[in-house]
Amino acid sequence: LIRLLMNEGLDFDAAFNIAARIFSYTNHTVMSEALEKWDMELLRSVVPEICDIIVRIDAKLRQEHPQSNLFIVKDNTAHMANLSVYVSTAVNGVAKIHSQILRDSLFHDWYKVFPERFQNKTNGITPRRWLGLCNPELSALIEEKVGPGFLKDLDRLSQMKDQLDDATVERFNAIKLEKKKQLCAVIEQHEGIKLDPSFVFDVQVKRLHEYKRQLMNALSVMDIYLRLKDGSLTDFTPTAFIFGAKAAPGYVRAKSIICYINRIADLINNDPAVREKLRVVYLEEYCVSLSEHLMPAAEVSEQISLAGTEASGTGNMKFMLNGAITLGTLDGANVEIADAAGKENELIFGMLTPEVNNLKQVGYHPNAFIMGDDVANSALNFLERGWNGENFHEVTENLRSSDPYMVMADFKDYRRAQADLQKLYADRETWARMSLKNIANSGIFSADRAVLDYARDIWYASPVPMGK
């Protein structure tokens, strides 16, 4: 925009001031690989005029704030996130804890200079698709409780809180079973795997990234399998663990984790000794259309990223809206889900962000958590030995040596949460009431609320009242 305005005859300062008033920056990640940095020589070979403007913006910043640590260009590299913060009226994260991390660490030097720019806008999801379209059965039940039109005013879900009688619980359980049967048909058609809808449906679907820790879930599944095989796990509600994820093309370790999960699925699903207790599905082509079957059928929503790494997440909101109970860390929007529905209605585990940061500072050594943990050792040793002529030494070596996202530090508490899940699910009435309380408290996560927040605080538009 600055380039175009200067081509129209404006000088640099005038063009910069217009741009700075027009743009705002929504940050969606704290992952360094997603905060773009460009070699200036490479950039100059493609867009030389843009490079000249970036250099001028950097010079303007340094002139205005000579005593600060702020920069756009450093070591002949353009830092695009810094550019976005500087030439913006507002900077926001997409969950409360994420926005605080931006202030406290990622953009701390910028926050000290421009505190008025920083704010939070928690993500939202559209209830028309993620409830009305994909779960008409549940929508009909809710409409009986709160009246028509709630899909345009999701806060009205809170009216359900005082209507969770036995008949409602029974109807909800019947609807959930029907959605599970529908998902079973889809999975059998697409994956060739037949699931029993009476199983617990424990679902983790999202991008495959080490920080999202699909590996921890898979390691726990391996532990369950081994204990079912040796007879030490006797009180276990049959469970189907359903995974769905895609990896970035060049992300080798993510692809090795996908391979590992698929090999576990093959091993378990073809073992008649556990077939009536345990199944694993890795969805081959996870997409939005498949999500529309998954979200209504899920009973457990796995949101297990290392605290301080997930910006927000919206899958967790879609699951919550359809009555799945969050099994997760207090990270991203999980924090706000637990606040809204009550921690007693979620399955929370793991370190908090300050604990993670403290462990990083003192030095994290995964073997300190593996030593003395017979369960962890057994699962890791089994992976190292492998089966069917294949082992997963690379995966286990990473967990034993570096484990950058602290799987082993949280693994024991994750297993505790899984055990709590088993006990809770045994009481189907209590579980259903927890699910319904999640639904009743999910109105805050409507995209309508999120868009109105942006319109009011960032775009300075005149928002139309919700429901109009």
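The values are calculated or read from the model by the stated rules, or taken from the named source; none is laboratory data. Remember, it's a predicted structure, so these values are computed and weren't measured experimentally. So basically every Cβ, Gly included, is an ideal-geometry build from the backbone, and we count neighbours across all protein chains shown. Ligands, DNA and RNA are stripped out before the accessible areas are found, and what is left, the full protein with its side chains, is counted by its heavy atoms. Shrake-Rupley method; radii C 1.70, N 1.55, O 1.52, S 1.80 Å.
Of the residues making up the range 26-43, just one is open to solvent by 30 Å² or more (accessible area, probe 1.4 Å), in contact with a strand residue (DSSP E or B) (Cβ under 6 Å, 6 or more places away or on another chain) and within 22 Å of Asn123 (Cα to Cα), namely Thr26. Residue pairs whose Cβ atoms lie under 7 Å apart, sitting 6 or more positions apart in sequence or on different chains, and linking a residue in the range 59-88 that is in contact (Cβ under 8 Å) with a residue 60 or more places away in the chain and over 12 Å from Phe107 (Cβ atoms) to a partner that is aromatic (Phe, Trp, Tyr) and open to solvent by 50 Å² or more (accessible area, probe 1.4 Å), are Val87/Phe23.
In the range 366-375, the condition of being among the hydrophobic types (A, V, I, L, M, F, W, C) and buried (at least 24 other Cβ atoms within 10 Å of the Cβ) is met by no residue.
Of all residues in the range 113-139, how many are under 30 Å from Leu61 (Cα atoms), out of contact with any strand residue (DSSP E or B) (no Cβ under 7 Å at 6 or more places or on another chain) and in contact (Cβ under 8 Å) with a residue 24 or more places away in the chain?
3
Would you call Gln159 at pLDDT 95 or above, open to solvent by 50 Å² or more (accessible area, probe 1.4 Å) and within 25 Å of Gly244 (Cα to Cα)? Here the answer is no, as Gln159 does not meet what is asked.
Of the residues Ser232, Ser198, the single one that is free of Cβ contacts under 8 Å to residues at least 40 places away in the same chain, under 29 Å from Ala379 (Cβ atoms) and in a loop (DSSP other than H, G, I, E, B) is Ser232.
Taking (1) of a type outside the set (D, E, K, R); (2) at pLDDT 95 or above; (3) within 30 Å of Asp271 (Cβ to Cβ) in turn, Ile175 satisfies each apart from (3).
One residue alone among Ile142, Ile187 is in a helix (DSSP H, G or I), of a type in the set (A, V, I, L, M, F, W, C), at pLDDT 95 or above and in contact with a strand residue (DSSP E or B) (Cβ under 7 Å, 6 or more places away or on another chain), and that residue is Ile187.
What number of residues within the range 328-343 are in contact (Cβ under 8 Å) with a residue 12 or more places away in the chain and over 21 Å from Val407 (Cβ atoms)?
7
Remark: pairs (first residue in the range 441-460, free of Cβ contacts under 8 Å to residues at least 12 places away in the same chain; second residue small (Gly, Ala, Ser) and open to solvent by 30 Å² or more (accessible area, probe 1.4 Å); Cβ separation under 6 Å; 6+ apart in sequence or on different chains) = Ala455/Ala461.
Would a scan of the range 87-99 turn up a residue that is in a loop (DSSP other than H, G, I, E, B), closer than 23 Å to Asp39 by Cα, open to solvent by 10 Å² or more (accessible area, probe 1.4 Å) and of a type outside the set (D, E, K, R)? Yes: the range 87-99 contains one or more residues that are in a loop (DSSP other than H, G, I, E, B), closer than 23 Å to Asp39 by Cα, open to solvent by 10 Å² or more (accessible area, probe 1.4 Å) and of a type outside the set (D, E, K, R). The residues of the range 4-25 include none that are in contact with a strand residue (DSSP E or B) (Cβ under 7 Å, 6 or more places away or on another chain) and within 15 Å of Arg56 (Cβ to Cβ).
So, in the range 180-203, of the ones that are among the basic types (Lys, Arg) and open to solvent by 10 Å² or more (accessible area, probe 1.4 Å), which residue ends up farthest from Arg279 (Cα to Cα)? Applying the filter and picking the extreme gives Lys181. For Leu133, the requirement of being within 16 Å of Gly323 (Cα to Cα), within 24 Å of the chain's Cα centre (by Cα), surrounded by fewer than 16 Cβ atoms within 10 Å (Cβ to Cβ) and not aromatic (Phe, Trp, Tyr) is met.
For (1) aromatic (Phe, Trp, Tyr); (2) in contact with a helix residue (DSSP H, G or I) (Cβ under 6 Å, 6 or more places away or on another chain); (3) assigned to a loop (DSSP other than H, G, I, E, B), each residue gets a yes or a no:
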| position | (1), (2), (3) |
| --- | --- |
| Ala307 | no, yes, yes |
| Gly313 | no, no, yes |
| Met317 | no, yes, no |
| Gly323 | no, yes, yes |
| Thr326 | no, yes, no |
| Gly332 | no, no, yes |
| Ala338 | no, no, no |
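Evaluation of Asn173 against the conditions (1) without any contact (Cβ under 8 Å) to a residue 12 or more places away in the chain; (2) outside any loop (DSSP other than H, G, I, E, B) shows that the sole unmet condition is (1). Elements of the type helices (runs of 4 or more DSSP H) sitting completely within the range 349-435 and holding at least 2 residues that are within 30 Å of Ala167 (Cβ to Cβ) and touching an Asp or Glu at 6+ places or on another chain (Cβ under 9 Å): these cover 407-425. For Val252, the stated conditions hold: it is farther than 16 Å from Val205 by Cβ, under 22 Å from the mean Cα position of the chain (by Cα), without any contact (Cβ under 8 Å) to a residue 60 or more places away in the chain and open to solvent by 30 Å² or more (accessible area, probe 1.4 Å).
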